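Here's the structure, in structure tokens; my notes come after.
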Amino acid sequence: MSINVFHRYHIRFFEYMYMVVMVIYMAQMTSETSRMMGTISGNPIPLLLPILLTIVLITRKRIRWNNIGLLALLLVLLIWSVLILVKYQAFGSTEDLSYIFFLFYAVIIAFIHVKVYGKQLLPIYEHIMVWICGISLVFWLLNVIFYRSLSPSFFPETTSGYNVLYLYNWIIPEKAFSDVFAIMLRNSGCSWEAGRFAIMVNLALYSNLLRNGIKFRNNYSVWILLAALFSTQSTTGFISGLVLYTVFTFSRINFKSIMILICLLIPLWFGISRLDFMQKKISEQLDFENSISEMYDSFSYTQFNLADNEYAGSLGRFESFYFDIQNMLHDPVLGYSRNRMHSSFYSNISSNFFLTGGLAKIFAQYGILLALILFSILGFSSAQLADDFHSTQKVALFLIILISAVSYEIWCVPIFTAVWLYGLFNKKIAKIRR
């Protein structure tokens, strides 16, 4: 890494490495690196590490805490939290208080990120992701070629393979999939799952597009990011990436833009959708009614064969979306809180399955009013970032976060939350060199 990187972004080595740690926690490859979103109980070291590093960071960078956006959001969240604790009579519940702590923790960490790095947050993140993507592509090729003959078992295990220094999740097909469609392994990069890695790559692509527009010549970073995105074979990642490039294509609405859209993007999407793994995933998701019926059969089976809270699996994105809508309708005003034990799904349907995704979950957890406030902030941040980088694409961030959130949790995840709240915390910042 050249020293020019530090001059370009006006940061020091510690500030850069702090962001590397935040990206690793953002990826959540292991239970330890998921601690910034988890519960207080458990191994204290992975929980304390980002806290201690953040304390060091703010001692090196002066931050003014009398920010009206921060104070207003904390007040809203405090009112919501008190009402939730009253609703469930949970003032003495360690678990409920733990979830509330991590909500405020995520917001404060996001505020620190925005105030320390300003708009440089995205380019620094992009730079780190380009390096991680490059490393992941090398390991992914080795993983694909030697997946039967090479097993780096001297590294710690993950749920689907081995953790190679938190920079690559070496997938073991028999461990990761029920069938070995994994002869063509998916690149999970530094995350536990390929789709989650894909939405991290798309955020880096968004940064590149903000700064450069659609530019491929002498833009080596974008080639590495696109190669990594393709290697994930992620439906969510591909759709989000195509939407991203479509939005930026229309920065100039003229004949050339329309022809690019017709001659490139539509055939590209058609070609991608014809890939075997994409056809399989799309057909599985479209058979929604049958899928829900099978889910209820699974719920009945696990109810009689597993103990309460014993993990049986996680539902797919559309099934999860459906049940989170039911959760929202059951608790539309305040939501059921961040504790899934209070949800209608957990109480009335199954305590053995987890709901994935994050879009409907935000409405289900926080209630309709607070969720609308949060998504309004996201919309404002999307416009503010576009303004700060002199881009006309004010809805790009909003769209890719929305698409990504259908499949994965975004809110309260490190860096994602900082970008989400950027406009609230950083309405007026000094102009810095791009």
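Of the residues making up segment 368-410, those that are open to solvent by less than 10 Å² (accessible area, probe 1.4 Å) and in a loop (DSSP other than H, G, I, E, B) number 2. Of note, residue 58 does not satisfy the criterion of being without any contact (Cβ under 8 Å) to a residue 40 or more places away in the chain, of a type outside the set (Asp, Glu) and under 30 Å from residue 12 (Cβ atoms).
Would you check which residues across segment 62-83 are of a type in the set (Val, Ile, Thr), surrounded by 12 or more Cβ atoms within 10 Å (Cβ to Cβ) and at pLDDT below 95 and list them? Listed by number, the list holds a single entry, 63. In the set (1) in contact with a helix residue (DSSP H, G or I) (Cβ under 7 Å, 6 or more places away or on another chain); (2) outside any loop (DSSP other than H, G, I, E, B); (3) without any contact (Cβ under 8 Å) to a residue 60 or more places away in the chain; (4) open to solvent by 60 Å² or more (accessible area, probe 1.4 Å), residue 45 fails one condition alone, (1).
Annotation note: of 54, 59, the sole residue that is open to solvent by less than 80 Å² (accessible area, probe 1.4 Å), in a helix (DSSP H, G or I) and of a type in the set (S, T, N, Q) is 54. Taking first residues from segment 387-412 that are more than 26 Å from residue 320 (Cα to Cα) and touching a residue at least 60 places away in the same chain (Cβ under 8 Å) and partners that are among the basic types (Lys, Arg) and open to solvent by 40 Å² or more (accessible area, probe 1.4 Å), the Cβ contacts under 8 Å between residues at least 6 apart in sequence or on separate chains come to 389/211; 389/434.
Please verify whether segment 148-155 includes one or more residues that are out of contact with any Phe, Trp or Tyr (no Cβ under 9 Å at 6 or more places or on another chain) and among the charged types (D, E, K, R). Yes, there is a match, as at least one residue in segment 148-155 is out of contact with any Phe, Trp or Tyr (no Cβ under 9 Å at 6 or more places or on another chain) and among the charged types (D, E, K, R).
Evaluating residue 96 against the criteria (1) of a type outside the set (Lys, Arg); (2) part of a loop (DSSP other than H, G, I, E, B); (3) within 17 Å of residue 340 (Cα to Cα) leaves one unmet condition, (2). Annotation for segment 185-205: no member residue is crowded, with 16+ Cβ neighbours inside 10 Å and without any contact (Cβ under 8 Å) to a residue 24 or more places away in the chain. Remark: pairs (first residue in segment 234-251, open to solvent by 20 Å² or more (accessible area, probe 1.4 Å); second residue at pLDDT 90 or above and part of a helix (DSSP H, G or I); Cβ separation under 7 Å; 6+ apart in sequence or on different chains) = 239/403; 243/399; 243/400; 243/403; 247/396; 247/399. If you go through segment 2-36 and keep only what is open to solvent by 30 Å² or more (accessible area, probe 1.4 Å) and not in a helix (DSSP H, G or I), you end up with 2, 3, 10, 12, 31. Kindly list the number of the only condition in (1) in a loop (DSSP other than H, G, I, E, B); (2) surrounded by 21 or more Cβ atoms within 10 Å (Cβ to Cβ) that fails for residue 362. Evaluating residue 362 over (1) in a loop (DSSP other than H, G, I, E, B); (2) surrounded by 21 or more Cβ atoms within 10 Å (Cβ to Cβ) leaves (1) as the failure. Checked against the criterion of being surrounded by fewer than 17 Cβ atoms within 10 Å (Cβ to Cβ), assigned to a helix (DSSP H, G or I) and modelled with pLDDT of 90 or more, segment 328-335 contains one or more residues that satisfy it. Within the set 104, 139, the sole residue that is free of Cβ contacts under 8 Å to residues at least 40 places away in the same chain, open to solvent by 30 Å² or more (accessible area, probe 1.4 Å), outside any loop (DSSP other than H, G, I, E, B) and under 30 Å from residue 58 (Cα atoms) turns out to be 104. Could you go through segment 145-154 and let me know if any residue there is open to solvent by 80 Å² or more (accessible area, probe 1.4 Å) and under 27 Å from residue 42 (Cα atoms). Yes, that holds for at least one residue.
The values are calculated or read from the model by the stated rules, or taken from the named source; none is laboratory data. Because the structure is a prediction, the values reported are computed rather than measured. Ideal geometry is used to build each Cβ from the backbone, glycine not excepted, and the neighbour counts take in all protein chains shown. The accessibility values were calculated without ligands, DNA or RNA, using every heavy atom of the protein model including side chains. Shrake-Rupley method; radii C 1.70, N 1.55, O 1.52, S 1.80 Å.
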